[in-house]
Amino acid sequence: MDWADELAARVSGPQVVNDSKTPSGTVHVGSLRGPVILDVITRALRAADRPTTLLYGVDDLDPMDAQALLTPDAVEREMGRPLAHIPDQEPDGHASYARHHAQVFIDTFAGLGIRPDRYYWMSELYAAGEMDPYIRLALDRAERVREVYRRVANVRHPDAWHPLSVICESCGRLGTTIVSRWDGERVYYECRPDLVTWARGCGNSGSVAPFGGRAKLPWNLEWAAQWSLFAVTIEPCGKDLATAGGSRDRSDAIAREVFEREPPINVPYEFLNIGGRKMSTSKGRGAAAHRIVEVVPPEQLRLLFLRPRPGSAIEFDPDGTDAIPRLFDEFDRLAAATAGRDVKGELPAGYEAVFAYSLLDPAGDLAAEAARFRPAFSHLALLEQVAGVDVRAQVEAEKGSPLDVAEAAILDERRRAARAWLATYAPERSRLAVRQDGVPPEAHALDSSQRAFLRALADAATGRPGTPVGGDAWQAAIFAVAVDADLPAGRAFAALYLAFLGRPNGPRAGWLLAGLEPAFVVRRLREAADAAATGAGA
Ligand SMILES: [Zn+2]
Ligand SMILES: [Zn+2]
């Protein structure tokens, strides 16, 4: 049984699964772990017949506190204002900065098969008055809130501090205001130039009825208010929020003591580390979610997040490594095991569930999906680099029968992924480079029988009936010459790879040669045979 199924077995009755995110900028691939976990929990609950609603919130009334994605002239004006009130910085027509960045991750979720029943926008909930009861409670119980902060997080707020930020009526900033009094109808606030380091308040002060979107609760209270508003029963969160005295502890205590409701079940999850670095939100190169998504198809990306239990960190270093091919291999291994075939290596606990939850379609036929023919990613990455090769025909030859519609779609997806991988993350050794400028030094390792084979192949290619045309003809010529020379096919192919690629392996050699200029092929066959014969060291 998988961890998500264990969780589903533990709860009863209708469930509300929730998460939310501040749309502050680029989404890095590690940020997708939470949403994938959310989706798997939802699927497990539904499979266990618990009626379940999946919610995803956009915390778009949060103040702008990172200037990286603002145009230079906008920094002074926009820092500290609610994300929902900042104009889109890109000329692509979104209603706000928040809408632009939220759309990027909403699109990414959809591509991963994650479809919340509802997205909610905090700016809209505040404006509609939905948060008003919680604002009133928080202000009425300000002393209790201060006590919770003191006890749970060792944070001492002054006695006049109230848990609310007003949107300054003069400058529109939210991150710079502080409330010092609440009379039951209005709050009294100041917009301070020096309250925070990342934004400068205008110095205005005044009083306002803090309802209907004119003010916002601090994050810990807003989080707890979301739980009450939506009756949330399960909400996973990242390990950084789940530390002792951290954000989750504070919100749990506020839920119980201020809003008088038991907080949802937590499923804390670890980070995804890119090349040993913690990759959570705003830093890093080559780890933007939309870039990874261009290379790794959704089912393999889901597997990346699902294969370890939530409490285990994920090490993922796609740059210049075989991490992405290994992800495909693991997917194929779990598929094979689910289909009842013998596989090498240990299998994770509940591997069938891990495979099932990696699939995009929750209603798919598991046995049929597991049994599909999937060409090895590394093999495709080689084939993609050889001109003129009929990849589908090769793959069908490997399978031994034609691909069905679903398998053909898998092949297309993997071919696109292989090309994208070769163009981005692939290590040099995976790039097939024909050594055009001279015989590779590695070819000096050829022995006399391999040299004789190369020379005989050059002779065959220049004799009757002429140079082979096409991969099949070259492949046939290679086999015929190898048989004549009494050389095992494997050693014949190795000789060709060494002569052209400087390595002992490669794609189907006939297709490699067919993709090259015939005169060059013949010349290189002879040069390699001679170079090896001289035994020159380098
Ligand atoms: Zn936009
Ligand atoms: Zn102001």
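For this structure, a couple of remarks:
- Taking every residue in region 443-466 that is without any contact (Cβ under 8 Å) to a residue 60 or more places away in the chain and pairing it with any residue that is in a loop (DSSP other than H, G, I, E, B), at least 6 positions away or on another chain, the pairs with Cβ-Cβ distances below 6 Å are 449/487; 453/485; 453/487; 456/485.
- Here residue 172 qualifies as under 36 Å from the mean Cα position of the chain (by Cα) and either among the β-branched types (Val, Ile, Thr) or within 9 Å of ligand 2 (Cβ to nearest atom) (or both).
- Selected residue [hydrophobic (A, V, I, L, M, F, W, C), under 30 Å from residue 3 (Cα atoms), without any contact (Cβ under 8 Å) to a residue 12 or more places away in the chain and out of contact with any Lys or Arg (no Cβ under 8 Å at 6 or more places or on another chain)] from 110, 48: 110
- Filter result for the condition that a residue is more than 30 Å from residue 357 (Cα to Cα) and within 16 Å of ligand 1 (Cβ to nearest atom), over 157, 94: 94
- One residue alone among 439, 391, 395 is without any contact (Cβ under 8 Å) to a residue 24 or more places away in the chain, β-branched (Val, Ile, Thr) and within 24 Å of residue 493 (Cα to Cα), and that residue is 395.
- Restricting region 213-248 to residues that are assigned to a loop (DSSP other than H, G, I, E, B) and small (Gly, Ala, Ser), the residue that is farthest from residue 311 (Cα to Cα) is 213.
- Qualifying residue in region 328-343 (condition: assigned to a loop (DSSP other than H, G, I, E, B), modelled with pLDDT under 90 and loosely packed, with under 14 Cβ neighbours inside 10 Å): no
- Here the condition is being loosely packed, with under 15 Cβ neighbours inside 10 Å and modelled with pLDDT under 90; of 367, 397, it holds for 397 alone.
- Conditions (1) within 23 Å of residue 43 (Cα to Cα); (2) in contact with a helix residue (DSSP H, G or I) (Cβ under 8 Å, 6 or more places away or on another chain): number failed by residue 377: (1)
- The criterion of at least 2 residues that are closer than 20 Å to residue 264 by Cβ and away from ligand 2 (no atom under 16 Å from the Cβ) is met by the following helices (runs of 4 or more DSSP H) wholly inside region 1-105: 3-10, 33-47.
- Out of 470, 502, 490, 466, sole residue that is at positive phi, modelled with pLDDT of 85 or more and small (Gly, Ala, Ser): 502
Every residue, every condition in (1) within 16 Å of ligand 1 (Cβ to nearest atom); (2) more than 30 Å from residue 6 (Cα to Cα), yes or no:
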| position | (1), (2) |
| --- | --- |
| 36 | no, no |
| 43 | no, no |
| 55 | no, no |
| 75 | no, yes |
| 79 | no, yes |
| 85 | yes, yes |
| 127 | no, yes |
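- Residue check for residue 63: touching a residue at least 60 places away in the same chain (Cβ under 8 Å) and within 17 Å of the chain's Cα centre (by Cα): no
The values are calculated or read from the model by the stated rules, or taken from the named source; none is laboratory data. It should be emphasised that the depicted structure is a prediction, and the values quoted were computed from it without experimental measurement. Positions of Cβ are backbone-derived with ideal geometry, glycine not excepted, and every protein chain shown enters the neighbour counts.
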